[in-house]
Each structure stands twice: as structure tokens, then as C-alpha cells.
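S.K.: First the structure, which I've put down as C-alpha cells, then a few questions once you've had a look.
The values are calculated or read from the model by the stated rules, or taken from the named source; none is laboratory data. Every value quoted in this text rests on a predicted model; they were computed, and no experiment measured them. Reconstructed Cβ throughout: ideal geometry from the backbone, glycine too, with neighbour counts over all protein chains shown.
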Amino acid sequence: MDTITAGFVDGIGAASATSGVLSQLQGRIFALLYLTPEQLSLEQIADELQQSKSNISVNIRGLVEWHLVRRVSVERSRRDHYEAATNFWLVMREIMERRFRWNLRQVLASVAETSRALETGSRPGSGAQSEKRAFINGRLEGMRAFFAIVDSSIGAFTQGQPVAPQEMQKVIQLATRQIVKRR
């Protein structure tokens, strides 16, 4: 591998290691395929990255699943070959929907469940208990408002619609003011 490609492979590997989506090796595999004009077999990728073929095979499956790499047939070869995706719009849509939006919805579900538990478990109590419930309710509403607007923004992004940060900020500020009023 030439020094330019090696530098890119290492840089994308390092970025991937902290992404929360890909491992360092997956980033390196993607980067190698991205800067290589022809499709590569598992053996070629393993040789270039000085990894075992089995390690490459395991990691490339994740890249295929994320649609960052696709398997292709090469004439007169029985081996699978791979090439990198180049349509980053489609790739980012997939990552946003499958990774980040799923996580946001987990947070929203937890907030909703906690709010329901707070309502069903609330019975007349001391002023301190009432204040604590109001405080928790306010915090939950702030979190719900924030994550709901981020969720809808990701939805807009993945559908190719504009996302206006100013509108997001207005909704969050309004929710925050409502929380403060309840106290």
C-alpha cells in the first residue's frame, strides 16, 4: 500500500474507532476500498491491511450491513470481491435511522415510562414529595422536548427535508420556559 493510501486508511480507522458505529478495522477496510479503483477480495484486503482473512471476513460483514461496502462478482473469479459505497447520502441516512434514531427513541420510551410511573405512583403526600415530583416532571419534560425535536429533525434529514436549527432552538426554549413556570 502506498503512503498516501496508508495515511488515509489509518486516519479513517482512528476516526471510526471513536464513532460508536464502526470499529477501527472496519474504518480501515472501508478506507482501503474507497481509495482502490478495483474491487478487492478478502485475501487482498487481508494482505493489504496485514490482518487474517477471518478477521477481515467478520468485520466486512458489518460494513455490508451498514451499506458502506457491497459484495460484487468479478468475472472468472469464484471469490467474493468488495467495493466501497460512494453515495454518502444513502449511507448517512441508514446510519441516522438505524443507529441514532433508534437510540433517541429508547430515551423517549424511558422518559414516557418514567412519567407514567410518576403519575400512577403519585398520591397526596408532603410538600417535599410534591416538589420532588414536580422537579422530576420538569426534568423529564425538558428531556422529552429535546429528544423529540432531534428525532423529528433526523426524520426530516433522512427524508431529504430541510432541518432548521433555529426552529429546534425555539421549541427547546419554549419547553424550557414551560418547565420553569411549573416550578
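S.K.: Got a number for residues in the range 46-68 being within 17 Å of the chain's Cα centre (by Cα) and not aromatic (Phe, Trp, Tyr)? Step through it out loud before you land on a result.
M.R.: Of the range 46-68, the ones within 17 Å of the chain's Cα centre (by Cα) are 62-68.
Now narrow it down to the ones that are not aromatic (Phe, Trp, Tyr): 62-65, 67-68.
The number of residues fulfilling the criteria is 6.
S.K.: How about the range 98-128: which of its residues are more than 23 Å from THR158 (Cβ to Cβ), modelled with pLDDT under 80 and surrounded by 12 or more Cβ atoms within 10 Å (Cβ to Cβ)? Talk me through it step by step, then tell me what you get.
M.R.: Start the filter on the range 98-128 by keeping residues that are more than 23 Å from THR158 (Cβ to Cβ), which leaves 113-128.
Checking the rest, the ones that are also modelled with pLDDT under 80 come to 121-128.
SER122 - this is the single residue of the range 98-128 that is more than 23 Å from THR158 (Cβ to Cβ), modelled with pLDDT under 80 and surrounded by 12 or more Cβ atoms within 10 Å (Cβ to Cβ).
S.K.: Additional query: So, restricting to helices (runs of 4 or more DSSP H) that lie completely within the range 1-93, which ones have at least 3 residues that are more than 26 Å from THR158 (Cα to Cα) and among the aliphatic types (A, V, I, L, M)? I'd like the intermediate steps shown before the answer.
M.R.: Details: elements: 3-17, 24-34, 42-49, 53-65.
In the range 1-93, 3-17, 42-49 are the helices (runs of 4 or more DSSP H) which contain 3 or more residues that are more than 26 Å from THR158 (Cα to Cα) and among the aliphatic types (A, V, I, L, M).
S.K.: Considering only the range 30-88, state which residues are basic (Lys, Arg) and closer than 18 Å to GLY13 by Cβ. Show your work before the answer.
M.R.: Here is the first cut: in the range 30-88, the ones basic (Lys, Arg) are 53, 61, 70-71, 76, 78-79.
Scanning the range 30-88 gives a single hit, ARG61.
S.K.: Moving on. List the pairs whose first member sits in the range 4-19 and is assigned by TED's automatic domain parsing to the domain that holds TRP66 and over 13 Å from TYR34 (Cβ atoms), whose second member is polar (S, T, N, Q) and surrounded by 15 or more Cβ atoms within 10 Å (Cβ to Cβ), and whose Cβ atoms are under 7 Å apart, counting only residues at least 6 apart or on separate chains?
M.R.: ALA14/GLN24; ALA17/SER23; ALA17/GLN24
S.K.: What number of residues within the range 131-159 satisfy the criterion of being assigned to a loop (DSSP other than H, G, I, E, B) and either in contact (Cβ under 8 Å) with a residue 12 or more places away in the chain or touching a Gly at 6+ places or on another chain (Cβ under 6 Å) (or both)?
M.R.: Start the filter on the range 131-159 by keeping residues that are assigned to a loop (DSSP other than H, G, I, E, B), which leaves 159.
Still in the running and either in contact (Cβ under 8 Å) with a residue 12 or more places away in the chain or touching a Gly at 6+ places or on another chain (Cβ under 6 Å) (or both): none.
Matching residues across the range 131-159 total 0.
S.K.: Now a separate question. Among the numbered criteria (1) within 23 Å of VAL21 (Cα to Cα); (2) of a type in the set (A, V, I, L, M); (3) touching a helix residue (DSSP H, G or I) at 6+ places or on another chain (Cβ under 9 Å), which one does ALA112 miss?
M.R.: (1)
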